[in-house]
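The values are calculated or read from the model by the stated rules, or taken from the named source; none is laboratory data. Note that the structure is a prediction, hence the values are computed from the model and not measured. Cβ: placed from backbone, ideal geometry, glycine included. Neighbour counts: every protein chain shown.
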Amino acid sequence: MTDKLGALDGGRSLNDLPGRRKALKALVAEESAALLPGAANALTARIIEDLGFHAAYLTGAGLTNTHLGMPDLGLVTASDLVETTARISDVCQLPLVVDMDTGFGNALNAYTTFQRLERAGASAVQLEDQVFPKKCGHFSGKDVVPLGEMLGKLRACLDARQDDNLQIIARTDARAVLGFEAAMERAHAMIEEGADIIFVEAPETLEEIKAISQLPAPQLINFVVGGRTPMVELDYLKESGFAFVLYANAALQASVKAVQEVLGSLKEHGSLYEVSDRLADFDERQRIVGKPIFDALSQRYEGA
């Protein structure tokens, strides 16, 4: 959006990126287990902001499911991700954490993708150690690259970074492939390399979650309904000092269920009468997408 539109829209503009990144960095420092809901598109990001969350997460799995209608098997491109990052950053003033998956290739690919995401408006970028093309962290059959290769990619992202307040999240999927001890060894190595936040994917017990919380860097934990990690109360995660509690695809799963129920009722009854209470009304829909802002702009420019 232009600066003028940004001013009318509560300050939404890429010009406020430094502030967003500093806000996210301060949130991480609190170690308060901040809830981090996932958004696969700009509309969902607007809803997350409207509900009062402090940050949003652009989910690679959600992007694949939503934009391609396909499973999370590394099928989206770097350009898909960069474009969606820009779209969300343009209309949502929350800090945006972006899932870069494996960096879309080798260290050079990670370097250039990271640069593009920084320019597009990311406040944090997540890089993982799966083999490219990756799979959902809760799928079976995934594999990880040698540690040295992952550290090289991480080093490339550190070199590519222009704004020191843009944080780098290093994720390891080694728990399901090499075991928990190997995953923790990788986490320590990533911290030593310079990662700002650590994400050990898919721990399987409360004891493993506790061990992760004691790593010497801020941590992110991910919960997936039906996934490998047991659900844990938020109070416990706060006491343990986690920085973020990620629900990457809760909104997506809720959307799938709602669409099935509403359109299923339409198919069965030939009307929406039976499910009218499940629909946002017309005015609410326009409010969420910021129509009053565009109305104000239209009034400003009419007759100019």
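Filter the stretch 1-30 for residues that are buried (at least 18 other Cβ atoms within 10 Å of the Cβ), charged (D, E, K, R) and touching a helix residue (DSSP H, G or I) at 6+ places or on another chain (Cβ under 9 Å); which is modelled with the lowest pLDDT?
Selected residue: Arg12.
In the stretch 164-182, how many are of a type in the set (Gly, Ala, Ser) and outside any helix (DSSP H, G or I)?
3
Looking only at the stretch 40-57, decide whether some residue is assigned to a helix (DSSP H, G or I), closer than 29 Å to Asp143 by Cα, in contact with a Ser or Thr (Cβ under 8 Å, 6 or more places away or on another chain) and assigned by TED's automatic domain parsing to the domain that holds Ala187.
Looking through the stretch 40-57, none of the residues is assigned to a helix (DSSP H, G or I), closer than 29 Å to Asp143 by Cα, in contact with a Ser or Thr (Cβ under 8 Å, 6 or more places away or on another chain) and assigned by TED's automatic domain parsing to the domain that holds Ala187.
Can you spot a residue in the stretch 102-115 that is under 23 Å from Val256 (Cβ atoms) and either in contact (Cβ under 8 Å) with a residue 60 or more places away in the chain or in contact with a strand residue (DSSP E or B) (Cβ under 8 Å, 6 or more places away or on another chain) (or both)?
No: the stretch 102-115 contains no residue that is under 23 Å from Val256 (Cβ atoms) and either in contact (Cβ under 8 Å) with a residue 60 or more places away in the chain or in contact with a strand residue (DSSP E or B) (Cβ under 8 Å, 6 or more places away or on another chain) (or both).
With respect to the numbered conditions (1) touching an Asp or Glu at 6+ places or on another chain (Cβ under 8 Å); (2) within 25 Å of Ala124 (Cα to Cα), which one is the sole condition not fulfilled by Arg278?
(2)
Restricting to the stretch 67-90, what's the tally of residues that are crowded, with 20+ Cβ neighbours inside 10 Å and in a helix (DSSP H, G or I)?
6
So, in the stretch 61-88, how many residues would count as being within 12 Å of the chain's Cα centre (by Cα) and in contact (Cβ under 8 Å) with a residue 60 or more places away in the chain? It would help to see each step written out before you state the result.
To start, the set of residues in the stretch 61-88 that are within 12 Å of the chain's Cα centre (by Cα) comprises 61-63, 81, 84-85, 88.
Still in the running and in contact (Cβ under 8 Å) with a residue 60 or more places away in the chain: 61-62.
The number of residues fulfilling the criteria is 2.
Counting only residues that are closer than 18 Å to Val232 by Cα and touching a Leu at 6+ places or on another chain (Cβ under 7 Å), how many does the stretch 172-216 have? Break it down into steps so the answer makes sense when it comes.
Taking the stretch 172-216 as the starting set, the residues that turn out to be closer than 18 Å to Val232 by Cα are 199-214.
Now drop any that are not touching a Leu at 6+ places or on another chain (Cβ under 7 Å), which leaves 199.
Of the residues in the stretch 172-216, 1 are closer than 18 Å to Val232 by Cα and touching a Leu at 6+ places or on another chain (Cβ under 7 Å).
Any residue at all in the stretch 248-265 that is touching an Asp or Glu at 6+ places or on another chain (Cβ under 6 Å) and more than 24 Å from Ala61 (Cα to Cα)? Before you say what the answer is, go through the steps one by one.
Taking the stretch 248-265 and keeping what is touching an Asp or Glu at 6+ places or on another chain (Cβ under 6 Å), we get 265.
From what is left, the residues that are more than 24 Å from Ala61 (Cα to Cα) are 265.
Looking for residues that are touching an Asp or Glu at 6+ places or on another chain (Cβ under 6 Å) and more than 24 Å from Ala61 (Cα to Cα), one finds at least one in the stretch 248-265, hence yes.
If you take the residues in the stretch 183-200 that are of a type in the set (Gly, Ala, Ser) and assigned to a helix (DSSP H, G or I), which one is nearest to Ala23 (Cα to Cα)?
Ranking the qualifying residues of the stretch 183-200, first place goes to Ala187.
Report, ordered by the first and then the second residue, all pairs with beta carbons closer than 6 Å, sequence separation of six or more or different chains, a first member in the stretch 20-31 that is in contact (Cβ under 8 Å) with a residue 40 or more places away in the chain, and a second member that is part of a helix (DSSP H, G or I).
Cβ pairs passing all conditions: none.
Would you mind stating whether Leu63 is at pLDDT 95 or above, surrounded by 19 or more Cβ atoms within 10 Å (Cβ to Cβ) and outside any strand (DSSP E or B)?
Judged against the criteria, Leu63 is a match.
Are there any helices (runs of 4 or more DSSP H) wholly within the stretch 233-297 with 2 or more residues that are within 30 Å of Ile169 (Cβ to Cβ) and touching a residue at least 60 places away in the same chain (Cβ under 8 Å), and if so which?
234-240, 250-269
Just checking, which of Ala280, Ala296, Ala258 is closer than 23 Å to Gly69 by Cα, surrounded by 10 or more Cβ atoms within 10 Å (Cβ to Cβ) and among the aliphatic types (A, V, I, L, M)?
Answer to the selection: Ala258.
Give the residue, chosen from Pro230, Pro203, Pro216, that is at pLDDT 95 or above, closer than 26 Å to Asn65 by Cβ and either in a loop (DSSP other than H, G, I, E, B) or among the small types (Gly, Ala, Ser) (or both).
Pro203
For Pro230, state whether it is touching a Ser or Thr at 6+ places or on another chain (Cβ under 8 Å) and buried (at least 17 other Cβ atoms within 10 Å of the Cβ).
Taking the combined requirement at face value, the residue does not satisfy it.
Return the residues of the stretch 214-225 that are out of contact with any Cys (no Cβ under 9 Å at 6 or more places or on another chain) and either under 18 Å from Ile168 (Cα atoms) or touching a residue at least 40 places away in the same chain (Cβ under 8 Å) (or both); say none if nothing qualifies. Before you say what the answer is, go through the steps one by one.
Applying the first criterion (out of contact with any Cys (no Cβ under 9 Å at 6 or more places or on another chain)) to the stretch 214-225 yields 214-223, 225.
Selection gives Leu215, Pro216, Ala217, Pro218, Gln219, Leu220, Ile221, Asn222.
Are any of the residues in the stretch 122-129 in the same structural domain as Asn165 (by TED's automatic domain parsing) and either at pLDDT below 95 or part of a helix (DSSP H, G or I) (or both)?
no
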